[in-house]
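Below is one structure; the comments refer to it alone.
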Amino acid sequence: MWNYEKRLQFPVQIKTCCPKTASLIISQFGGPDGELSASMRYLSQRYSMPCRKTGGLLTDIGTEELAHMEIICAMVCQLTKNMTAEDARAAGFDAYYVDHTSALWPAAAAGIPFNACEFQSKGDAIADLTEDLAAEQKARVTYENLLRIITDPDVRAPLTFLRARELVHFQRFGEALERIKTDLDSRNFYYFNSEFDRDLKKT
Amino acid sequence: MKDRTSLLKEIDEISFTLNDLTLYLDTHPDCPEAVSYFNAMAPRRAALLKEYAEAFGPLTVDCIQQNGGLTDHFTWTDGPAPWEGGIL
């Protein structure tokens, strides 16, 4: 169950319309390392997670990723708010505009639509948490790539906040992975899959 | 009375404190400093949400009940959407 809170986690107050910037940051909505992918990854993985506390962490981080998705969408929305067809053409946003006008649709910066194949829910705690650690690092790199080319301070402030959150999530997933290991065979973490080989876990 | 922007900023800040603290507590559930910090911050957020609802409308559906319920009008969809921002 989720309840909506009618505010953004970090404020977005963009004063200058810029479809070009929108076409880049939309990748953090529907791109391979974007916030939609992040939230669906964590919220999908939690059901089979053998450690209840780690399931709780996946719920809380997955929920925060939904709020991050909303921040990115708010930025794209404001960057294209008063866009004309000519603005879209001049900014190279015209191909997106043809199919979606100025609505939000999850896609990567290069135009590839969002795809569930961009994340994994493997059913093995070590594999999934290692994927989560990598996902946070990949998202960090994407934010750094965006910050290298975007100069508008109104856009940079939320991107900087979102980049910092990737570091915190990475830290928390690292702690969760260490805790999972304490429940496993210390001589061989791969002796059994703690999400599946339940009989072996009891011994 | 505080203006809408500065009250919302206070809510954003205290809520972020609690979000970040929640993730920390998820992996450190027995940390005494974090537990007492949570107990100190959570009531402050609740009070600010109530103050905001009284002045500018509810940020959650639960805020409606906490401020005496509805009169003749459903207030939840009043006011700007969170994503509208600076270009209105």
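Readers should treat all values here as calculations from the given coordinates under stated rules, not as data from a laboratory. Since the model is a prediction, treat every value here as computed from it, not as a measurement. Cβ: placed from backbone, ideal geometry, glycine included. Neighbour counts: every protein chain shown.
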Quiz item: In whole Hz, what ³J(HN,Hα) sequence does region A:101-117 give by Karplus (6.51, -1.76, 1.60; θ = phi - 60°), x for Gly and Pro?
Solution: 6, 10, 7, 8, 9, x, 8, 7, 4, 7, x, 6, x, 4, 8, 4, 5
Quiz item: Taking neighbour Cβ counts within 10 Å as the exposure measure, how do A:75, B:1, A:1, A:69 sort from fewest upward?
Solution: A:1, B:1, A:69, A:75
Self-check item: Cβ-placed point charges (K, R +1; D, E -1), dipole of region A:37-159 about Cα centre in debye, nearest 20
Solution: 260
Quiz item: Leaving out same-chain residues fewer than 8 places away, which lysines sit with a Cα under 27 Å from that of residue A:122?
Solution: A:53, A:138, A:181, A:201, A:202
Self-check item: Unit charges on C-beta of K, R, D, E only; dipole of the protein assembly as shown, Debye
Solution: 240
Quiz item: If you rank A:147, A:79, B:23 by fewest surrounding Cβ atoms within 10 Å, what's the result?
Solution: A:147, B:23, A:79
Self-check item: Total charge dipole magnitude, region A:50-118, about the Cα centre, Cβ charges on Lys, Arg, Asp, Glu only, Debye to nearest 20
Solution: 200
Practice problem: List B:72, A:132, A:183 from most exposed to least, where exposure is judged by having the fewest other Cβ atoms within 10 Å. | Solution: B:72, A:183, A:132
Self-check item: Residues of type aspartates and glutamates that residue A:81 reaches as a straight line, Cα spacing below 12 Å, ignoring anything fewer than 8 places off in the same chain
Solution: B:84
Exercise. Please turn the phi angles of region A:21-32 into ³J(HN,Hα) values with the Karplus equation 6.51 cos²θ - 1.76 cosθ + 1.60 (θ = phi - 60°), one per residue in order, whole Hz, x for glycine and proline.
Key: 5, 4, 5, 8, 6, 4, 4, 7, 8, x, x, x
Exercise. Could you pull out every residue, at least 5 positions away or on a different chain, whose amide H is within less than 5 Å of the one on residue A:107? Hs are placed 1.01 Å off N in the peptide plane, and Pro or chain starts have none.
Key: A:30, A:31, A:114
